[in-house]
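Note sheet for the following structure.
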Amino acid sequence: MIEYDNLLRRTSASVCGVSPLIYGTTKFGNPIIAWGNYRFIKKLTRRVKTWWECTARKSSGCRCVAVTVNNRLMKLNGWHNH
Ligand SMILES: [Zn+2]
């Protein structure tokens with residue numbers, strides 16, 4: 001459990017780092033972001049805040065959600081299971 005906490009802390013530290021956030025659209029025209037090796041599909045927007053779901057949610061059951069504010073990555077809720 002302690003090691004898991006450390007992992008989360010390292011994760012949030014890297015969120016504040018320089019990993020580029022790439023915006024695009026899927027072939028179906030849905031907004032998508034790529035961050036590192038992962039891609040997220042837009043889930044909902046409230047004011048300046050946007051929630052993005054990992055594209056592996058269906059295939060891998062990944063519960064990782066990215067939150068962007070003013071088009072900048074603010075945090076990740078959870079971490080990828082893949
Ligand atoms: Zn994921």
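The values are calculated or read from the model by the stated rules, or taken from the named source; none is laboratory data. As the structure is a computational prediction, the values presented were derived from the model and not from experiment. Note that each Cβ is placed from the backbone with ideal geometry, even for glycine, and that neighbours are counted across all protein chains shown.
Within the span defined as segment 31-42, one or more residues are loosely packed, with under 13 Cβ neighbours inside 10 Å, under 19 Å from Ser19 (Cβ atoms) and modelled with pLDDT under 95.
Here Gly78 passes the criteria (1) at positive phi; (2) surrounded by fewer than 11 Cβ atoms within 10 Å (Cβ to Cβ) except the one numbered (2).
Scanning segment 16-43 for residues that are out of contact with any strand residue (DSSP E or B) (no Cβ under 8 Å at 6 or more places or on another chain) and within 11 Å of the ligand (Cβ to nearest atom) turns up Gly36, Asn37.
Quickly run through segment 44-82 and pick out the residues that are within 13 Å of the ligand (Cβ to nearest atom), free of Cβ contacts under 8 Å to residues at least 24 places away in the same chain and under 19 Å from Phe28 (Cα atoms). Correct list: Trp52, Glu53, Thr55, Arg57, Lys58, Ser59.
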